[in-house]
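What follows draws every value from the coordinates through simple rules; no lab data is involved. Here the structure is a predicted model, which is why all the values come from computation and not from measurement. Note that we place each Cβ from the backbone using ideal geometry, even for glycine, and neighbour counts take in every protein chain shown.
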């Protein structure tokens, strides 16, 4: 135990690099010869392939959706334009969509603003509370530290006394 | 005679998409990695698994390699980490046994009775009892024969820290050998008597 402590504190004697070199010499002669090239390359290729498949599958869905959706959309527009007031209907639809988008953006902005304005006073109040109780917390920390030191000293005295008063048996004891 | 491509050339080719060129790098360094793993205390039958893991990690991170230091330094770093991870994962299986009383009190003649395989096994056992952060620099310095600055690069620690860890590791090794394995000391137990 004492020796470990001395080593930890750097007070134990370093036997020197030569002594260690001599001791560990047999380990320097150990060699391992593992042929892992084939298994590594198999793993590398396996890791590459699924990635490519996933990317390909992922990009296929939007492509298929666009291929089906585009003719339908174009057909609907053509039908609207071909009927009498088709062009005006299309214009009105675009205006209505724009209005909906504008209302949505405005609602989101308003919502975020409300959250920020209601949370700011709370944050300020919390900061003020912390500022007020900071000296109390510091004092409590100091008292706890002092109490810890006192309890260590007390237990040290108690153990020293117990050690002095105990009798050592023939096979050893506390002494 | 065809000129062997350098490590940097091969890495550039692999990164450019010629994945099959990575096999040349693996073949070039597989012995170094396997031996380093063995010396880090990995069991001989598990060295292949660790080497496989090391080369796969290297491949996955090949783009992060900076050519300012040798590829072998980077490989050592990954091998050391892989070996430590592997040992942590297997800790419950390979918990060191208590030293048997017969070994602890091995007499002067025990030195002569050791076969080299037995010495290696005992040395691995001693190293296994040294805490990881002391053992790793010790292995790199005194078994792999690396200079201090390269160990610092491999372990990504300041040279001063490596120096103090080496000092403590050597003192611990000496303490362990003197107390539990006297026959492993240079000259065996005779030198002590």
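Observations on the model:
- Cα centroid separation, the range B:47-64 to the range B:142-171 (Å): 24 Å
- Going by neighbour counts of Cβ atoms within 10 Å, the residues B:68, B:132 line up, fewest first, as B:68, B:132.
- Neighbour counting of Cβ atoms within 10 Å sorts the residues B:45, A:45, fewest neighbours leading, into B:45, A:45.
- Shape category assigned to the range B:1-95 from the gyration tensor of Cα positions, a/c cut at 1.5: prolate
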